[in-house]
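The values are calculated or read from the model by the stated rules, or taken from the named source; none is laboratory data. Keep in mind it's a predicted model, so treat the numbers as computed, not measured. All Cβ positions, glycine included, derive from the backbone under ideal geometry; neighbour counts span all protein chains shown.
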Amino acid sequence: MKLPHLVIYTDRLPVGVAGAANGPLVRIRPAYRHDAGLHAHEYRHVLQWCQASAIAALLLVVIVLACGGLQGTLLALWPRYRQWCEVQAYKEQVRHGLRLDDAARHLMSSRYQLGLQYNDARRLLSA
């Protein structure tokens, strides 16, 4: 069974190139429409793209699961998102009685790896 892919016959290719595959899209010069070898060559690149995509997807799933889901992955890999999440959470805690100064000190904790100074943390929590 062949993987689905789209073959377009076009001369819009770099000089000296008879065909090119970009993911499932294959472009072949019209002069090579019946060149079975070139079609097979470009289809091999389609297969390689699918294999690499499957491996990348599997790695992404492993990373997401290892980090505790999508939220955990975003928190681990995107500091601005981590900061936004923690600021929102500490604002909520302040609304329930935590002192603003204590919330600022917690937000400065090295466990969040935000590199915040006290005044920055207070400003974020007060906004």
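What pairs come up if the first residue lies in the stretch 22-45 and is under 16 Å from Leu6 (Cβ atoms), the second is hydroxyl-bearing (Ser, Thr, Tyr) and part of a loop (DSSP other than H, G, I, E, B), and their beta carbons are under 6 Å apart, counting only those six or more places apart or on different chains?
Hits for this filter: Arg27/Thr10.
Which condition breaks for Leu60 when tested against (1) closer than 30 Å to Ile8 by Cβ; (2) at pLDDT 90 or above?
The failed condition is (2).
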